[in-house]
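Novice: Can you read through this structure? Questions will come right after.
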Amino acid sequence: MPWKYSGIYAFVLLLLVSHTLAAAEVSQGDDPTDPDNVYANVDEEYVELIQLFADTLDQVDRNYVKDVDRRELMEAAIRGVISKLDPYSNYIAPQDLEQFKTGVESEFGGIGIQVSTRDGNLVVTSPLIDTPAYKAGIIAGDRITHIEGEKTQGLSIDDAIKKLKGPVGTTVTMTVYHPSTFSSEEVTVQREIVQIETVMGDERLEGGDWDYMLDHANKIGYVRISAFSRHTADDLHQAITRLLDDGMKALILDLRSNPGGLLTSAVEICDMFIDEGKIVSTEGRNSPKRVWTAEKEGTLPDFPMVVLIDHYSASASEILSACLQDHQRATIVGERSWGKGSVQNIIELEEGKSALKLTTAGYQRPSGEKIHRFEGDTEKDKWGVSPDDGMDVSMSREQKVAYHSYRRRRDQDTIIPHPPAPQEELSEIDPVLSKGLEHLKAELSSS
């Protein structure tokens, strides 16, 4: 191996090659001529590529027209590697690590949206109810093209979140493109500590509690879950218990625009509805398989059930809907989900000074099929959760605009006193919910 590199890069090359050998579990005293020996099995192409990497760093360091900070150069190289992976993997630099660990606790606020990236665009997957972004009219599917005048094209999720967060009371200005109307607007919102309800009904009672009974005549309940937090499973169980006490015969569970949340919350909720079998599993190229299974104790009665999903139902909401679909516990109505079923691990670097958030495994539904939509997957491939046969309900752009306005107005009207307003026809304003309701009425009438 020709050592033509300057000091630090020769060391980098030596370190990388040594790490490659260590990963192959080299043992002392092995015969170098033995074909089973680690030195005979080292990936030569990988070593050549490491040489190319070290040579490039060395040439830039020695010969570039201006002096370049070595740390900046190395971090740029790391980010280049990460950019070839999925949007959920990221390098966390030392100056960002503490903020990453503490999140938005006490001193930092947000605007109340969940975001993801697709084709390099920053997409709103869910505006959380009664938050600054929600009140400003931002809806699922909107694209944030600029934050404080800077383009977001190619920005990582973590970097975007870092720009959107800030001290409580400060403002952030975004340029938001609305695909539903093919228009862009500048939106300025004030950051707040975001505290949200995750379990809701369709409207509130006079005392402020949610009315979870959508159809009082047919005793059909309706519960929306906006995200999966630490208390979501308990709150859902209380809502369903109350519905059962009121004579509920069937249930609609609305997971539309639900971006996910805690895996443990989704697993607990799955366990409420099925009494045995696999809930979800994870498996990766270099991580052990893990399986979560249901237990009979605490299972709710077996009433007819519909789950509503849309393109922005992701992660934990996909785990829940996939589980209920595979166990034939619920009928899925709406649109195909987002396809976010990956597991990220936080790997410490530099003895804890920096870190790598790396996708190491993927979630699998009880059937064994994947949930995650990987780069290159098409609509014909198997990923995410699709509606059951005959239950695919797509909404036009105009319908989506009308629905989100209706839903936002209805949610805010439950908080602010208002005079009675004319009731829109459900099939026109929310055809997905209307389809689910029709399905359950037919199932109840035939039983």
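Novice: Out of the DSSP beta bridges found with both residues in region 264-402, what percent are antiparallel (nearest 5)?
Specialist: Restricted to region 264-402, the bridges split so that about 75 percent are antiparallel.
Novice: List the longest stretch of the chain that has no exposed loop site; here a site is one of the trypsin sites (Lys or Arg not before Pro) assigned by DSSP to anything other than H, G, I, E or B, with at most 13 other Cβ within 10 Å.
Specialist: 85-229
Novice: Nearest 5 percent is fine: what portion of the DSSP beta bridges confined to the chain is antiparallel? Don't jump to the answer; show the numbers that get you there.
Specialist: Working: 50 of 65 bridges.
Percentage antiparallel, nearest 5: 75.
Novice: Calculated FRET efficiency, residue 380 and residue 98, Cβ-Cβ r, R0 41 Å, to nearest 0.05?
Specialist: 0.40
Novice: What percent does the relative contact order of the chain come to when contacts are Cα pairs within less than 8 Å and at least six residues apart?
Specialist: Computed over the chain, the figure is 12 percent.
Novice: Kindly express, to the nearest 10 degrees and within the range 0 to 90, the angle between helix 397-413's C-alpha long axis and the longest C-alpha principal axis of the chain.
Specialist: That helix lies at roughly 70 degrees to the long axis.
Novice: Under a GNM of the chain (C-alpha, springs under 10 Å), which listed residue has the highest mean-square fluctuation: 306, 68, 124?
Specialist: Ranking 306, 68, 124 by mean-square fluctuation puts 68 first.
Novice: Just to check, using Stokes-Einstein with a Kirkwood Rh over alpha carbon pairs, what's the diffusion coefficient of the chain at 37 °C and 0.692 mPa s in µm²/s? Walk me through the intermediate numbers first.
Specialist: Values: Rh = 24.7 Å.
The calculation lands on 133 µm²/s.
Novice: Just in region 132-232: which chymotrypsin sites (Phe, Trp or Tyr not before Pro) are loop by DSSP and have at most 13 other Cβ atoms within 10 Å?
Specialist: Of the chymotrypsin sites (Phe, Trp or Tyr not before Pro), the ones in loops of region 132-232 whose Cβ has at most 13 other Cβ atoms within 10 Å are 182.
Novice: For region 262-343, what is the relative contact order in percent, using Cα pairs closer than 8 Å and at least 6 residues apart in sequence?
Specialist: After rounding, I find 31 percent.
Novice: Can I ask one more? Return one number: the angle in degrees, 0 to 90 and rounded to the nearest 10, between the long axis of the Cα atoms of helix 7-23 and the longest principal axis of the Cα atoms of the chain.
Specialist: With both axes taken from Cα atoms, the answer is about 60 degrees.
Novice: A follow-up question, please. Could you provide, to the nearest whole Å², the per residue accessible area of region 285-348 with probe 1.4 Å? Let's see the in-between values first.
Specialist: On the way: 2910 Å² over 64 residues.
Ligands and nucleic acids excluded, the figure is 45 Å² per residue.
Novice: What's the angle, to the nearest 10 degrees (0 to 90), between helix 263-273's Cα axis and the longest principal axis of the chain?
Specialist: Around 40 degrees separate the two axes.
Novice: Please go through region 338-377 and write out the GluC sites (Glu not before Pro) that DSSP classes as loop and that have at most 11 other C-beta atoms within 10 Å. Display every interim value, and only then the final one.
Specialist: Working: sites: 348, 350, 351, 369, 375; in loops: 369, 375.
Here the GluC sites (Glu not before Pro) that fit, given the DSSP loop and packing criteria, are 375.
Novice: Still on this model: Rounded to the nearest 500, what is the 222 nm mean residue ellipticity of the chain from helices alone, with -39500 (n - 2.57) per DSSP H run of 4+ residues and division by all residues?
Specialist: Value at 222 nm, helices only, nearest 500: -10000 deg cm²/dmol.
Novice: Give me the percent relative contact order of region 225-365, please, defined on Cα pairs under 8 angstrom at least 6 residues apart.
Specialist: Details: 282 pairs, mean separation 35.8, N = 141.
That works out to 25 percent.
Novice: Keeping the other protein chains in place, figure out the carbon and sulfur percent of the accessible area of the chain, with a 1.4 Å probe. Working shown, then result.
Specialist: Details: 11740 of 23720 Å².
Its accessible area is 49 percent carbon and sulfur atoms.
The values are calculated or read from the model by the stated rules, or taken from the named source; none is laboratory data. These numbers were taken from a predicted model, which means no experiment stands behind them. FYI the Cβ positions are ideal-geometry reconstructions off the backbone, even for glycines, and counts take in every protein chain you see. Just the protein is used for accessible areas: all its heavy atoms, side chains included, with ligands, DNA and RNA removed. Shrake-Rupley method; radii C 1.70, N 1.55, O 1.52, S 1.80 Å.
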